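Undergrad: Quick one: this structure, given as C-alpha cells, is what I'll be asking you about.
The values are calculated or read from the model by the stated rules, or taken from the named source; none is laboratory data. Model, not experiment: these values are computed from the prediction. Counting neighbours? That spans all protein chains shown, and the Cβs are built from the backbone with ideal geometry, glycine included. These accessible areas exclude ligands, DNA and RNA; they are computed on the full protein's heavy atoms, side chains included. Shrake-Rupley method; radii C 1.70, N 1.55, O 1.52, S 1.80 Å.
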Protein chains: 6
Amino acid sequence: MRLLVLNPNTTASMTEKIAAAARRAASPGTEIVAANPARGPASIEGFYDEAMSLSGLLQVIRETPDVDAVVIACFDDTGLDAARCLTDIPVVGIGEAAYHMASLISNRFSVVTTLARSVPALEHNLHRYGLWSRCGRVRSSEVAVLELEEPGSNASARIGREIARAIADDRAEAIVLGCAGMTDLTERLAAEHGVPVLDGVSCAVTLCEAMVRLKLRTSRLGGYAPVPQHKLAPA
Amino acid sequence: MRLLVLNPNTTASMTEKIAAAARRAASPGTEIVAANPARGPASIEGFYDEAMSLSGLLQVIRETPDVDAVVIACFDDTGLDAARCLTDIPVVGIGEAAYHMASLISNRFSVVTTLARSVPALEHNLHRYGLWSRCGRVRSSEVAVLELEEPGSNASARIGREIARAIADDRAEAIVLGCAGMTDLTERLAAEHGVPVLDGVSCAVTLCEAMVRLKLRTSRLGGYAPVPQHKLAPA
Amino acid sequence: MRLLVLNPNTTASMTEKIAAAARRAASPGTEIVAANPARGPASIEGFYDEAMSLSGLLQVIRETPDVDAVVIACFDDTGLDAARCLTDIPVVGIGEAAYHMASLISNRFSVVTTLARSVPALEHNLHRYGLWSRCGRVRSSEVAVLELEEPGSNASARIGREIARAIADDRAEAIVLGCAGMTDLTERLAAEHGVPVLDGVSCAVTLCEAMVRLKLRTSRLGGYAPVPQHKLAPA
Amino acid sequence: MRLLVLNPNTTASMTEKIAAAARRAASPGTEIVAANPARGPASIEGFYDEAMSLSGLLQVIRETPDVDAVVIACFDDTGLDAARCLTDIPVVGIGEAAYHMASLISNRFSVVTTLARSVPALEHNLHRYGLWSRCGRVRSSEVAVLELEEPGSNASARIGREIARAIADDRAEAIVLGCAGMTDLTERLAAEHGVPVLDGVSCAVTLCEAMVRLKLRTSRLGGYAPVPQHKLAPA
Amino acid sequence: MRLLVLNPNTTASMTEKIAAAARRAASPGTEIVAANPARGPASIEGFYDEAMSLSGLLQVIRETPDVDAVVIACFDDTGLDAARCLTDIPVVGIGEAAYHMASLISNRFSVVTTLARSVPALEHNLHRYGLWSRCGRVRSSEVAVLELEEPGSNASARIGREIARAIADDRAEAIVLGCAGMTDLTERLAAEHGVPVLDGVSCAVTLCEAMVRLKLRTSRLGGYAPVPQHKLAPA
Amino acid sequence: MRLLVLNPNTTASMTEKIAAAARRAASPGTEIVAANPARGPASIEGFYDEAMSLSGLLQVIRETPDVDAVVIACFDDTGLDAARCLTDIPVVGIGEAAYHMASLISNRFSVVTTLARSVPALEHNLHRYGLWSRCGRVRSSEVAVLELEEPGSNASARIGREIARAIADDRAEAIVLGCAGMTDLTERLAAEHGVPVLDGVSCAVTLCEAMVRLKLRTSRLGGYAPVPQHKLAPA
C-alpha cells in the first residue's frame, strides 16, 4: 500500500519530520510517499496561507496517481473537500483524524495549536465535522509553526502549560496537538501530563490504512461528485 | 465610494451581469468596479472549483487597492476568510449577505441553488455562520451555472418548482437564490410565488455601503490578523 | 426616505441621544423621525419592562404611517415580531442589527450590556436568531440604563473593563455595546481597546436604508402574516 | 392551595372551558381561580396578539395577590418571563408544561396547533427552553382558536389528520395539543390514535401543585430579579 | 397511590434516607414503597456502576407490580429507558425531574454532583434530554456518595463552595444537587446561598403524582415499545 | 495482536457470522477472539435488551484479559462507556466506528437499522457522539435481528428500499448498516445502489488495529477513571 503524505507548506525540513512520523506509525507493508507543493507559503498559519497553498497542493495530488490514499498533513485539513472531488481514494486530514480518534478514548478533548490566528479555522472545522461538542477548547500556545523546527526553543514548555490548563479548566480527558510540526513532542507530553496526547499524522496514516483495507472510497454522490474532465486541465 | 465586485469565476459575461445587478442596487455615489480573475475555473460548482479559484481571486484583491469594500460574488463565499486577512476594509460574500438579510424579514428561509454538488458547501457555511437553524433546506434546481447564461433554457421554471416546494414543505417564509447568475430572475420569481426572494449581489452591495458609511472594519484580532508582509510576495 | 427610530422607553433625553446617533449614521437623503411611547417604563431593564412597553410601542407604529422602515432602538429588540405583523415595511431591532453586522467583521463577538437582569433576554434572542454560536458571552457592566445619561458616572470605565475581559477570556474579535444609551461611547472604546465596537443604532439605521433601497419587505407568509383588520382597533 | 389560571385572551367562554379542565385536573384541596384580562385580543394567534395581551395579563397577576401559583393558559406561554419578574410564586405556561411532561413519556413528541401564523412563536419557545431536539415538528391544523368553540366544526378531524402524519412522518411517540381550546379533545384523540396526547392546561395545573408542595420559588437572581417598586405603579 | 422509589445501589441506609425524603415530599394519599436491588454496587459512581446495577434494578421493577409509578433515585437516571419498556406506568429519574423543574424557575441552572468520574454521564443525559443549553456547568464537589452518609464530613462546605462558583462564574440562577444522598442538605444550602436548590427525589415524587393524576402513560410507540413476553423470562 | 470481538447477544450463529466478518477485515497478524455472553437476550432490540445484556457482556471482558482491544459488536454500542472504565485498552463500538468512518467519506450519511424500537437508542448515541449533524436520518427496515439469520427472508430488498429513500430524501452520500447481522449484505447493497455502504464490524476491527498500533489508550481522567478494585468483585 502506498500513502501520499502531503505537507501543504513548502518547508522541506517539516516534510521530512512528518514523513518520519508517518513511517513510524505505518504498518510494515505501507510505503510512505512524502511530498510538499513546489510553491506556496512556507507555513500555514491562518486562512490566507491555507488559501494560497491550495493550488500547489491539488497539483501534487493530480500528479501523484499511483497511491492508495492521501494524508493531508496540516491541522486545518487544507483542501480536504477539494481533494475528495479529485479522486475517490481515501483522503484524510490530520485534524479530523485526531478529532475522531480522540473521540474514541475520551468524553472530551482539547486542542493545543500554534497561534491565535489559527484557532478560528480549527473551530470552523470542528463545527462542520460535528465534533464541536466533544471539544473543550481550542487553545493557542503562541508557538509559531517554524519555531517548532528550531532546537532550543521552549516550545514544549509553552505547549505543556496549555495542556495543564486544558485538564484543569476544560476538564479535557485527552489532548490533540494541533500542528503537524508538534508530532515529535507527543510521547513526552503524554508522559509528563498523564493524559493521552494525539498526533494527527499518525492518526491519519493508520486511518488511511484501515480505509484502504476496507476498500472504503469517497462517495461520488452530492458534494464529492467527480470534477468534470474539462475542469482538470492545468490552471 | 468604490466597491470591488469580484466574480470568482473567469466567465466575463457573468461578470457583466453581476456588475449590472450591483449597479442597480448601488446608491448614486457608489462606483462599482467589477472584476474576475485572469485564470481559474469558468464556473464555481463545488469544492474543487472553489479551491482552484482562490489564488486568482486573492490576486485581484491585492492588485485593486483603491476600493472601500469588496463583494465576493459567488454563493459559496469563495475565499471570504482569506480575503479578510489581506485587508481590513469590509469584505462581504453574497451568500452570507443574503442569509443575514433573509433573517431580517422571515422566521425561516430556504435556499435554491444550482447543482446538488454545490449544496454541501453552502450547508457548511450556514453551520459556521450560525444561521443553519434559520434555514429550512438548501435545494438544488439542477440548473448548471452556465446554463443560466443561455437564453431559452427553462431555468426559471425549474427554480420556481423548488420555490414552491420550499414554501409548502420547508415552510420557508423567504427564498434565497443561491447563485450570482440567478440575479435577474429575482423579481419575476418573487411576483410569481408571493414570497420575498433575495439576490445575494444586491444584498452584499448595500451591506458594504452600510459598513463603509459606519466605518466598520474587519477585526485585526484572532482569525483575521493581518498576513505578515513577507507572505504577501507574489506566489 | 423616512425612518421611524423608536425608543421603547419613555425617557425623552434618551430618545434625543438615539436620534442624534441615528442622524449621524444616516445617508443625506434619509429623514429620521424619532419617537417614544407616551406611556410605559422609563427604561427597559429585563422582561417585565419589555412587556409593559409593548402596547405603547405598537401604538406609535400604528400611528406613524408615512415611514419607509422602523428601527426599534432597545437592545432586547422589544416587540420586533409583533411589529412585523403590523406592517410589511422593514422593521429592524438594534440588537439583531449589531449581531448581524458583527458577524461580518469577526469570527466571534461578545456583548457588553447594562445589568445582569437584562442578560437572559439577550441570550434568548441570540438563540432564536441562530447567532448564539457566534457570541462569546453576554456580559453585564452593572451600569444601569439611566446612569448612562448622567455626566460624571464612571460608566465608560466599567464597560471598558468588561471589554478587556471579553478580548482575553472570550477571545472576542469584536464587541457589541448592548444598550442604545451607550451609543456615544462607541468610538472612544474602540480606540482604547483596539477592537471594532458596534453600536446597534447606527447598524440598524444603515440596514434599514439598505433594505428600503432593495425594496425588501417582511414576508407575509407564516409567522408574520398580517394582523386581521378587526384586531387592529385601538385596545 | 389557590391557583390562578389565567387565559390571556378576553373570550369568557374559553376561560370557562379552561377553568373546567383545570378543575378536572386539580387535586381535591386545590381551588382554581380562573380569570382573563378585561381588555386585549379575543384570541391569541401569533406575535401581535401576544404582545397586545401582555399589559392586561400582567395587571390580572398584580391584582390577584392571594394565590400560590399562576398558570398561563395560552400555548405560546404569553408573558411568562415578565410574570416571573413580578412574583416569586411559581408561574407555569401551558406550552412549557406540556413539552416537559411529553419529554417524560416519549423520546420525541410533535405539536399540533391552530394556524400556521402561530407556529414560529412555538418554535422560538422550544428553542429557548432547550426542548427543540425533542420535538419532531410543530404542525398547524388550520383550525382557528375560536372555531374550536363552535359546535359542529370538524376541528377534531382536521387535528386528527395532523396527528396521523406526526406519527408516520415525524415518528412522534407523543402528541402535544397546541392550544388551550383543544383541551376537551384530548381523550378522544388519544384513544383514536393510540398515542399519548397531552393537554397543557392539566399538565400546568399539576406541575404548579407539585411546585407549591415542594415550596419551589422562581429564582430572584439574574433574569427574574424582582421588578423595582417604582416600576410597579399602574401604567 | 403507590410509588416505587427505587434506589439503584444496595446501601440500605441510603434507601432509608431517600424514602424519608420521598415521604416528606409526597401528598397525604401517596404511599412510598422504597426498595433497592438485592445485588449490585453499593454506590453508583460512573458508567460501570450504572451498568452493573441494571439487572438488579429491573428485577425490582418486574417484581413490584402493584405500583402506580416508579422513581429511579440515582442522579444518572440509571436504567430509565429500559424501565420504560417494561411497563407503561410513569417512570421518572431524579436527574431529569430536577432538570425539568429547574427549567421552570430559572433561565439557567448548574448541577453540583459528587465525583468527577460521574460528570460525563450527567452531561450525556443533559444532551439527550435537550436541556444541555439550560445548564451552566456540571460541577463535582469531590465528595463521594458514601461520604455523604458519614456524620462529621465537611460535605456541605465543599458542596457550598461549588454553589458559590456556579452563581458567580456560570451565572446559574438555580442549583440542582446531583446525588440522591444530598437530599437532606437542600434547605440549608438554599438558605445559605440565596438561590433555589433542587433535590431530585422530591421533584420526581411530585412529578409522578402529577402524571398519575393525569393518567399519563409512557408511549408504546417507537423506542418504548413493550418488551416481547418471551424476553421477560428471568435471566 | 488479539482482538476480542464481543457479540452482546447470546445467539451463537450471529457470533459466528460477526467473527467471520471480523476475520475478513483484520490484518494478517491479527487474531480475532469472538465471544458472546453466556446469559442475556438472544437479540438486542431496544433499551431493555441492551440493559439486560450488560452484566454478561462486562463479565466476558473481565474474564478475557489477554487481548489488545475490544470490539463491541452491537449497533447501539452496548456497554461501551462501562467497558472503558474496566480497562484502558481500546474499546470501540461498531456503531461509533461506522459513524466516524462514514464521516471521512461523505458529507452526510444515513443509517438503516432493524426495528423502529431500536431507532431512539441510535439517535441518542449520535447526539452524544456529536455526529448527529452528519446523519440524515436513522431509518428502520422493520427486519428483525434474527430474521437476518434466516435464509430466504427478503431482508435485503427491504433494506434496499430504505437505502433508496435515504439517497433521494435525506440526500445521504453514504449508508451505514445499523445491525451487526447485516454485515454480509454490505457489498451487494453498495453495488446495487452506487453508494458507499459501511459495515460497523469491519470498521471497528480496523480502527482497533490502528489504535493498538498507535498505542492509544482510553483516558483515565474523568468519566473513564478506573473502577476501584473492591467494585470488581463478581456480582
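Undergrad: Report the FRET efficiency, 1/(1 + (r/R0)^6), for D:Ala20 and E:Asp88, where r is their Cβ-Cβ distance and R0 is 35 Å, rounded to 0.05. Don't skip to the end; give the middle numbers.
TA: On the way: r = 27 Å, r/R0 = 0.78.
E(calc), rounded to 0.05, equals 0.80.
Undergrad: So if I place +1 on the C-beta of Lys and Arg and -1 on the C-beta of Asp and Glu, and nothing else carries charge, what would the dipole magnitude of the protein assembly as shown be about its Cα centre? I want it in debye, nearest 20.
TA: On the way: 138 positive and 162 negative charges, 0 e Å.
Roughly 0 debye, rounded to the nearest 20.
Undergrad: What full-extension length gain, to one decimal in nm, is calculated for B:Ala191 and B:Glu149 as 0.36 nm per residue of separation minus the Cα-Cα distance?
TA: Details: separation 42, 0.36 × 42 = 15.12 nm, distance 2.16 nm.
Difference between extended and current length: 13.0 nm.
Undergrad: Am I reading the E/D interface right? What is its buried accessible area, both sides, 1.4 Å probe, to the nearest 100 Å²?
TA: Between E and D, the summed buried area is about 3400 Å².
Undergrad: Using alpha carbons only, what's the Rg to Rh ratio of the protein assembly as shown with Rh from Kirkwood? The partial results should precede the final answer.
TA: Values: Rg = 30.6 Å, Rh = 32.4 Å.
Rg/Rh for the protein assembly as shown comes to 0.95.
Undergrad: Region A:95-112: which residues show an accessible-area loss of 30 Å² or more, assembly versus chain alone, 1.4 Å probe?
TA: Going by heavy-atom accessible area, the residues of region A:95-112 that drop by at least 30 Å² are A:His100, A:Met101, A:Leu104, A:Ile105, A:Asn107, A:Arg108.
Undergrad: Any idea of F:Val119's accessible area? Nearest 10 Å², probe 1.4 Å.
TA: About 10 Å², rounded to the nearest 10.
Undergrad: Checking the table B:Lys17/C:Lys215; E:Lys231/F:Lys215; A:Lys231/B:Lys215; E:Lys17/E:Lys231; B:Lys215/D:Lys231; C:Lys215/D:Lys231 against a 30 Å threshold on Cα-Cα, which pairs fail? Numbers along the way, then the final one.
TA: Values: B:Lys17/C:Lys215 20 Å; E:Lys231/F:Lys215 40 Å; A:Lys231/B:Lys215 40 Å; E:Lys17/E:Lys231 34 Å; B:Lys215/D:Lys231 39 Å; C:Lys215/D:Lys231 40 Å.
Result: E:Lys231/F:Lys215; A:Lys231/B:Lys215; E:Lys17/E:Lys231; B:Lys215/D:Lys231; C:Lys215/D:Lys231 exceed 30 Å.
Undergrad: In addition: How charged is the neighbourhood of F:Glu147? Take every other residue with its Cβ under 12 Å from the Cβ of F:Glu147, and add Lys/Arg as +1 and Asp/Glu as -1. The partial results should precede the final answer.
TA: On the way: positive: F:Arg158; negative: F:Glu45, F:Glu142, F:Glu149, F:Glu150.
Overall, the nearby charge balance is -3.
Undergrad: With the contact rule set at Cα under 8 Å and sequence spacing of 6 or more, what percent relative contact order holds for region A:1-121?
TA: 27 percent
Undergrad: Kindly report, to the nearest 10 Å², the accessible surface of D:Arg188 as traced by a 1.4 Å probe over protein heavy atoms only.
TA: D:Arg188 has an accessible surface of roughly 130 Å² with all protein chains in place.
Undergrad: Taking only protein heavy atoms and a 1.4 Å probe, what accessible area per residue, in Å², does region B:46-139 have with all protein chains in place? If you can, show how the numbers build up before the last one.
TA: Values: 1750 Å² over 94 residues.
Computed with neighbouring chains in place, this is 19 Å² per residue.
Undergrad: What is the diffusion coefficient of region F:1-125 in µm²/s, taking the Kirkwood radius over Cα pairs and the Stokes-Einstein relation at 10 °C with a viscosity of 1.306 mPa s? Working shown, then result.
TA: Numbers: Rh = 14.9 Å.
Rounded to a whole number, D works out at 107 µm²/s.
Undergrad: While we're looking at this one, here's another question. Taking a ≥ b ≥ c as the square roots of the Cα gyration tensor eigenvalues, with a/c under 1.5 meaning rounded and otherwise prolate when a/b beats b/c, else oblate, which class fits chain A? Please list the in-between numbers first.
TA: On the way: a/c = 1.61, a/b = 1.49, b/c = 1.08.
It comes out prolate by the Cα gyration axes.
Undergrad: To continue, here is another question. Farthest toward the dipole's positive end in chain C, which of C:Gly40, C:Ala98, C:Tyr129, given Cβ charges of +1 (Lys, Arg) and -1 (Asp, Glu) about the Cα centre?
TA: C:Tyr129
Undergrad: Using label points projected 7 Å from each Cα along Cα→Cβ, tell me how many nm separate C:Lys215 and D:Gln229, to one decimal.
TA: Label at C:Lys215, label at D:Gln229, 5.8 nm between them.
Undergrad: Size of the dipole of chain B about the Cα centre, Lys and Arg at +1 and Asp and Glu at -1 on the beta carbon, nothing else charged, in debye to 20?
TA: Details: 23 positive and 27 negative charges, 118 e Å.
For chain B, the charge dipole is close to 560 debye.
Undergrad: While we're here: With viscosity set to 0.692 mPa s and temperature to 37 °C, compute the Stokes-Einstein D of region A:96-199, Rh being the Kirkwood radius across alpha carbon pairs; µm²/s, no decimals.
TA: On the way: Rh = 13.4 Å.
D, rounded to a whole number, is 246 µm²/s.
Undergrad: Please compute the modelled spin-label separation between F:Asp66 and E:Arg39, points set 7 Å along Cα→Cβ, answer in nm with one decimal.
TA: 2.9 nm
Undergrad: Quick check: from the Cα gyration tensor, does region E:50-98 come out rounded (a/c under 1.5), prolate or oblate?
TA: Numbers: a/c = 1.87, a/b = 1.14, b/c = 1.64.
Taking the square roots of the gyration eigenvalues as a ≥ b ≥ c, region E:50-98 is oblate.
Undergrad: Cα centroid distance between region A:184-208 and region B:131-165, in Å?
TA: Centre-to-centre (Cα) distance: 46 Å.
Undergrad: Quick one: which residues, 5+ away or cross-chain, put their amide H under 5 Å from the amide H of E:Val91? H built at 1.01 Å from N.
TA: E:Val70
Undergrad: Per the 1.4 Å probe, what fraction of the accessible area of region E:96-199, in percent, lies on carbon and sulfur atoms? Could you put the intermediate results ahead of the total?
TA: Numbers: 1510 of 3120 Å².
Of all accessible area on region E:96-199, carbon and sulfur atoms account for 48 percent.
Undergrad: For chain E, what does the relative contact order come out to in percent, with C-alpha contacts under 8 Å and a separation of six or more?
TA: On the way: 463 pairs, mean separation 54.5, N = 235.
RCO, chain E: 23 percent.
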